[in-house]
Amino acid sequence: MKKYISPGLLAFFFLLSAIGHYARFPATLEFIVSAVAVIFVAGFLGKATESVAHYAGQRLGGFLNATFGNAAELIIGVLLIREGLFDMVKASITGSIIGNLLLVLGLSLFAGGLKHKVQRYNVTLAGMNGSLMIVAIIALFVPAIFLNTHVLHEEDRNSVSLVVAGILIAAYLLWLVFSMITHKKILADVADNAQEELPHEHPPAWSKQRSILYLVLATVMVAFVSEWLVHTLDTFTARFGLSEIFVGAFVVAIVGNAAEHSAAIMLAIKNKIGAAVEIAVGSSLQIALFVAPVMIFISHLIGRPMDIVFTVVELAAIGVSVFIAKSITQDGQTNWYEGLLLIAVYCILGYSFYLV
Amino acid sequence: MKKYISPGLLAFFFLLSAIGHYARFPATLEFIVSAVAVIFVAGFLGKATESVAHYAGQRLGGFLNATFGNAAELIIGVLLIREGLFDMVKASITGSIIGNLLLVLGLSLFAGGLKHKVQRYNVTLAGMNGSLMIVAIIALFVPAIFLNTHVLHEEDRNSVSLVVAGILIAAYLLWLVFSMITHKKILADVADNAQEELPHEHPPAWSKQRSILYLVLATVMVAFVSEWLVHTLDTFTARFGLSEIFVGAFVVAIVGNAAEHSAAIMLAIKNKIGAAVEIAVGSSLQIALFVAPVMIFISHLIGRPMDIVFTVVELAAIGVSVFIAKSITQDGQTNWYEGLLLIAVYCILGYSFYLV
Amino acid sequence: MKKYISPGLLAFFFLLSAIGHYARFPATLEFIVSAVAVIFVAGFLGKATESVAHYAGQRLGGFLNATFGNAAELIIGVLLIREGLFDMVKASITGSIIGNLLLVLGLSLFAGGLKHKVQRYNVTLAGMNGSLMIVAIIALFVPAIFLNTHVLHEEDRNSVSLVVAGILIAAYLLWLVFSMITHKKILADVADNAQEELPHEHPPAWSKQRSILYLVLATVMVAFVSEWLVHTLDTFTARFGLSEIFVGAFVVAIVGNAAEHSAAIMLAIKNKIGAAVEIAVGSSLQIALFVAPVMIFISHLIGRPMDIVFTVVELAAIGVSVFIAKSITQDGQTNWYEGLLLIAVYCILGYSFYLV
């Protein structure tokens, strides 16, 4: 795919999409233009991520990609909180988590598995990722259980939300210390160790500095184009009678994660499954352990306090996604069928949300 | 046990049981005759499975056994659907899943573990089995959660059921492609690799063709005798005041799985634990991913649409069975105590269903 | 720490605490005296456990420690049952299980992990521990589900409780047969195998007989001092408006497990992580599979029948504790961050119980 990213076409569709958004093109036209633009900027991001991963190692590259991808979601979330649209924020958090764990990871394992019989990545990292996912669902599940079985004051609801959010942020920051500093080597990619033995790999097209610059630039472009595309969906939502929760949890999540999709799948096909998993699993962990808790703190700072209590179906969706993803990733080896199982669960959840 | 299967006695008790059924013997006499016949035909099936497993490899032999065993259950299920007895169908699906995962697997691990200190089977297969089990409970759990928390139209209930059933059937068929074609070697039995090194193993008594013929014949006989035996239970149910759900989920499941029981235990004692696990786990997966979804499609075809929504206690029973079975099988090695733990959970569930 | 345990100071604070309790010192003074005494007797117990572990192997030493520690809890529990304080008994069972699985294990992994990059223990034992934990929560979960969804007679409630309790006790006793007799070697500590290669280890200060004697003595002292300390908490409970369930599940559990804390942490720092896990996980298994079921039988014997049905929040707390502990321990290797994750979950639960 990356061969076809002409800088000229990229710039053209990005600008056209911008004009379409601000000049208020008819919805259908704006949708088409934005969708084409998303494909180009996502391809650009995928190439930049791959180049950075070449210099930085698979995991750090994947982490950077996940972080830039989620920065956009954080900004959109805060905008929604200011409007008091808490349900849509939580639906989109839910959608991002399950979209990454099921769709991005599933497509990556499937595409990578079609080309490579078995793909392996660090089994210790797989175990740690699984434990972090469990902590994330516990943090969402426990307040919901307590608040649904006991009547609490408004201020206690908020204090539980803030305490749990604080614990999650602390856990995430210490995870960075653990995985990037104290135990970096133990979590290193299987492929990284063998990297010097791969003489057939092409040198990246860009220098290290340029790769990082392009990664930032591509992420910003993706964030903008995604939002313009999402904006056009309102019309479709109304026209096709879709519920806000379905749009938030599936349509927004699919489009908003287009960058992760293309980057992760591209890396998986190149047998860099460690980086693909880091993008998919790492991104959903980042949302659950960092982006969502930060939103709760910001919501209090701007005087529109949002609690951490998700609905039963949202919790069920996140819970089953974590269980199947943990079960599939925990042995550190993947194949095409495991990718299909993740996609199957995504379809079951998607159809259920669609009907609600 | 197999030494005592005289063809003459086998035929005699099978025919006596048939006469007892169609000539309407007194219930107690019919029960005794059928129970003795079950022992003989189950022994015959066990021997045939073992012989086929010798020629086909442990896993394929186990798969054939599970398939023939479940054909009978599918037929019985469709008969019940025609009568509109949906609750009994679901109870018997529940009972088959937990009976295989807990009782058949538990007795196999226990019996095999008493003779062999540690038994090993392919750890990759164990992981894949675990993931498939998780997908199966997600597929039952998600519609139940959504339909219990939201009011849906009758047609939406049916459409969720059909979509989920379709996804499960597709997942099962692709699992066959994966496990029998694309990744057959990776999932091969540990013991298969070492098979040539076992000169002390007796050659099977039957040729390959004869073994397959006998496997089919024995399965059909088991199906008939099981149904005749189940039929006699109605009287006992009424006499002892047992609930239909208990009879469906436990008595029918124990008797109906007599074939799997005897075959799996016999294989486990001979240290062919891979085939025993394939019969037990594979059979429950086949029911959850194929037999049950096919029943839903058939129910729509014959104009008695059945949905996929199980009761809370059925879901709980299936859920805990999957969790303990997954926990016990996932390391690819088993011992007698792990078998006991499965039986302990079966007893807890059985007593709870008995009281309801 | 052990260097500072002067026998004189130990005896002095123990006696002072006894006098404070029976002579009814002012609550604050009694609290301070008891707290200091707990530190001394816990240190004494830690040293005795370590010495016994030197002679008996890590696992047996850990088992003895857990057993003596839980004997005290059994006695306190029976006293509470006689008063009919079933809610407090169940809260304290809950607190002991999650306190051991999250706080004791978490602090051990954290402290041990700060000193040793990666600590390993027997991965087969880890798997068995995980399966036993799953059986324990199934045994608590299944009766609760059935009794909450169906109306049962009082006698059926009791019979479910007794049957489940009997199954758990049988499972626990057979676990001892399995782990101490038939499969002892397979579950041996990783470090035990390498023990002879550690010439730098100091010989223990005490003989084998003396170590065992001191272990018993220290356990008895811990039991007494813990109870005196707990007793002073009533005043604080009232003064600070804490709920009984919070005090039972957290304050009592922290103080009552002071012995396990100090022993397990000390062993973890010395890289005897197998013994530390045995104390923490083994102790919570002992409570769930043996102490709690025995309490139910005793409650029937003394004519104050207690059922096995825990509240929703208690079940949720035990369930999430088991899931995260199983996820973290199942690969047989631990690090400081995994300890922190356990502590994070403990804090989330603690704060939630605090607000209720």
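Only one of the listed residues (C:Leu105, C:Leu64) is within 15 Å of the chain's Cα centre (by Cα) and either among the acidic types (Asp, Glu) or open to solvent by 30 Å² or more (accessible area, probe 1.4 Å) (or both). That residue is C:Leu64. In region B:328-338, how many residues are more than 8 Å from chain C (Cβ to nearest Cβ) and crowded, with 24+ Cβ neighbours inside 10 Å? Number satisfying all stated conditions: 2. Considering every residue within region A:128-137, establish whether at least one is closer than 24 Å to C:Phe323 by Cα, in contact with an Asp or Glu (Cβ under 7 Å, 6 or more places away or on another chain) and part of a helix (DSSP H, G or I). The answer is yes, given that some residue of region A:128-137 is closer than 24 Å to C:Phe323 by Cα, in contact with an Asp or Glu (Cβ under 7 Å, 6 or more places away or on another chain) and part of a helix (DSSP H, G or I). Residues that are among the aliphatic types (A, V, I, L, M), over 20 Å from C:Ile137 (Cβ atoms) and open to solvent by 10 Å² or more (accessible area, probe 1.4 Å) number at least 2 in the following helices (runs of 4 or more DSSP H) confined to region C:235-327: C:252-256, C:258-269, C:292-301. Could you list, in sequence order, all residues of region C:13-42 that are outside any helix (DSSP H, G or I) and surrounded by fewer than 18 Cβ atoms within 10 Å (Cβ to Cβ)? The answer is C:Ala23, C:Arg24, C:Pro26.
Quick one: is B:Leu79 of a type in the set (A, V, I, L, M, F, W, C), within 22 Å of B:Lys184 (Cβ to Cβ) and in a helix (DSSP H, G or I)? It is false that B:Leu79 is of a type in the set (A, V, I, L, M, F, W, C), within 22 Å of B:Lys184 (Cβ to Cβ) and in a helix (DSSP H, G or I).
Determine whether region C:336-346 contains at least one residue that is within 17 Å of C:Gly99 (Cβ to Cβ) and not in a helix (DSSP H, G or I). So that I can check it myself, show each step before the final result.
Restricting attention to region C:336-346, the residues satisfying the condition of being within 17 Å of C:Gly99 (Cβ to Cβ) are C:339-346.
Imposing the further condition that a residue be not in a helix (DSSP H, G or I) reduces the set to none.
No, region C:336-346 has no match at all.
Does C:Thr67 meet the test of being under 30 Å from C:Asp307 (Cα atoms) and touching a helix residue (DSSP H, G or I) at 6+ places or on another chain (Cβ under 9 Å)? Taking the combined requirement at face value, the residue satisfies it. Restricting attention to region B:173-218, the residues that are at pLDDT 80 or above and assigned to a helix (DSSP H, G or I) add up to 21.
Does C:Phe310 count as of a type in the set (Phe, Trp, Tyr) and out of contact with any Ser or Thr (no Cβ under 8 Å at 6 or more places or on another chain)? Outline the logic, then answer.
Details: of a type in the set (Phe, Trp, Tyr): yes; out of contact with any Ser or Thr (no Cβ under 8 Å at 6 or more places or on another chain): no.
Judged against the criteria, C:Phe310 is not a match.
Taking A:Ile348, is it within 14 Å of chain B (Cβ to nearest Cβ), free of Cβ contacts under 8 Å to residues at least 24 places away in the same chain and within 26 Å of B:Phe178 (Cβ to Cβ)? Criteria met by A:Ile348.
Being in contact with a helix residue (DSSP H, G or I) (Cβ under 9 Å, 6 or more places away or on another chain) and at pLDDT 90 or above is true of B:Leu341.
The residue of region A:158-188 that is most open to solvent (accessible area, probe 1.4 Å), among those that are more than 22 Å from A:Asn122 (Cβ to Cβ) and touching a helix residue (DSSP H, G or I) at 6+ places or on another chain (Cβ under 6 Å), is A:Val163. Counting the residues of region B:297-320 that are more than 9 Å from chain C (Cβ to nearest Cβ) and among the hydroxyl-bearing types (Ser, Thr, Tyr) gives 1.
Yes/no per residue for (1) aliphatic (A, V, I, L, M); (2) out of contact with any helix residue (DSSP H, G or I) (no Cβ under 7 Å at 6 or more places or on another chain); (3) closer than 11 Å to A:Asn335 by Cα:
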{"site": "A:Ile98", "(1), (2), (3)": "yes, no, no"}
{"site": "A:Val104", "(1), (2), (3)": "yes, no, no"}
{"site": "A:Leu109", "(1), (2), (3)": "yes, no, yes"}
{"site": "A:Gly113", "(1), (2), (3)": "no, no, yes"}
{"site": "A:Val123", "(1), (2), (3)": "yes, yes, no"}
{"site": "A:Met128", "(1), (2), (3)": "yes, yes, no"}
{"site": "A:Ser131", "(1), (2), (3)": "no, no, no"}
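Check region A:79-100 and report whether any residue there is within 16 Å of A:Ala268 (Cα to Cα) and of a type outside the set (Phe, Trp, Tyr). Yes: one or more hits. Under the condition of being more than 30 Å from A:Phe178 (Cα to Cα), at the interface with chain C (Cβ under 9 Å from one of its Cβ atoms) and open to solvent by 30 Å² or more (accessible area, probe 1.4 Å), the residues counted in region A:116-152 number 5.
The values are calculated or read from the model by the stated rules, or taken from the named source; none is laboratory data. Nothing here was measured: the structure is a model prediction, and the numbers come from that model. Backbone-built Cβ (ideal geometry, glycine too); neighbour counts: all protein chains shown. Please note that ligands, DNA and RNA were not included when accessible areas were found on the heavy atoms of the full protein model with its side chains. Shrake-Rupley method; radii C 1.70, N 1.55, O 1.52, S 1.80 Å.
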